[in-house]
Amino acid sequence: EAGKRLLSLPRPPTAIVASNDLMAVGILQACEDMGLSVPGHVSLSGMDDTDLGQVLRPHLTTVRMQEEDIGANAAKLLLERILEGRTYQKTVRLEPELVVRQSSGPCRQAP
């Protein structure tokens, strides 16, 4: 329903980035219900790179968040605090990866 409200705005978006792949499925369904094509009318991307994105039609563009690396780094940092007594703050940056599939296309002008 939120997707339908968004797509019914006087100036609807030409692209949507959903917070996760499951929410992107809802937007995809809203587009279908409203007769809008993805990516023809709306480019769509999710986040998570779940297996779901590869079975949808069109295949879902998504952002791979490196969950395994996040978990491994979190465990390493925790062990440093416990075993080595590290008390200073440490920052780890992991780059997400854009996985371009069929649900996104070239930028188009808003109506």
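Dividing the summed -39500 (n - 2.57) terms of all DSSP H runs of n ≥ 4 by the residue count of the chain sets its mean residue ellipticity at 222 nm at -11000 deg cm²/dmol. Can you pull the Kirkwood radius for the chain, inverse mean 1/r over Cα pairs, to one decimal in Å? About 15.8 Å, per the Kirkwood formula over Cα pairs. Could you pull out the longest piece of the chain with no exposed loop trypsin sites (Lys or Arg not before Pro) in it, calling a site exposed if DSSP puts it outside H, G, I, E, B and it has at most 14 other Cβ atoms within 10 Å? The longest such stretch corresponds to 1-85.
Mind pulling the angle between the C-alpha long axis of helix 21-33 and the longest principal axis of the chain? Nearest 10 degrees, somewhere in 0 to 90. It is inclined by approximately 0 degrees. Leu9 sits with roughly 80 Å² accessible to a 1.4 Å probe, with DNA, RNA and ligands left out of the calculation.
Shown in residue order for the stretch 75-81 are the 3J(HN,Hα) couplings computed by the Karplus curve 6.51 cos²θ - 1.76 cosθ + 1.60 at θ = phi - 60°: 5, 4, 5, 5, 5, 4, 5 Hz (x for Gly and Pro).
Pick out which of Glu67, Glu95, Glu84 has the largest mean-square fluctuation in a Gaussian network model of the chain, springs linking Cα atoms closer than 10 Å. Judging by the Gaussian network model, the answer is Glu84.
Close amide H contacts of Val42 (hydrogens built in the peptide plane, cut-off under 5 Å, sequence separation of 5 or more or a different chain): Ser37. Among Ala30, Ala75, Ala18, the residue with the largest mean-square fluctuation in a Gaussian network model of the chain, with springs joining Cα atoms closer than 10 Å, is Ala75.
Backbone geometry of the stretch 35-47 corresponds, through the Karplus equation with coefficients 6.51, -1.76 and 1.60 at θ = phi - 60°, to 3J(HN,Hα) couplings of x, 9, 8, 10, x, x, 8, 9, 7, 9, 9, x, 9 Hz, x marking Gly and Pro. In units of the rule-of-thumb radius 2.2 N^0.38 Å, the stretch 50-105 shows an alpha carbon radius of gyration of 1.66. Placing unit charges on the Cβ atoms of the charged side chains and taking the dipole of the chain about its Cα centre, the candidate lying farthest along the positive direction among Pro10, Cys31, His41 is Pro10. Rounded to whole numbers, the Karplus 3J(HN,Hα) couplings from phi for the stretch 89-95 are 6, 10, 10, 10, 10, 10, 7 Hz, using 6.51 cos²θ - 1.76 cosθ + 1.60 with θ = phi - 60°, and x at Gly and Pro.
The values are calculated or read from the model by the stated rules, or taken from the named source; none is laboratory data. Predicted model only: the values in this text are computed from it and were never measured. Methodologically, a virtual Cβ is constructed for each residue, glycine included, from the backbone with ideal geometry; neighbour enumeration extends over all protein chains shown. The protein model used for the area step is the full one, side chains on, heavy atoms only, and it has no ligands, DNA or RNA in it. Shrake-Rupley method; radii C 1.70, N 1.55, O 1.52, S 1.80 Å.
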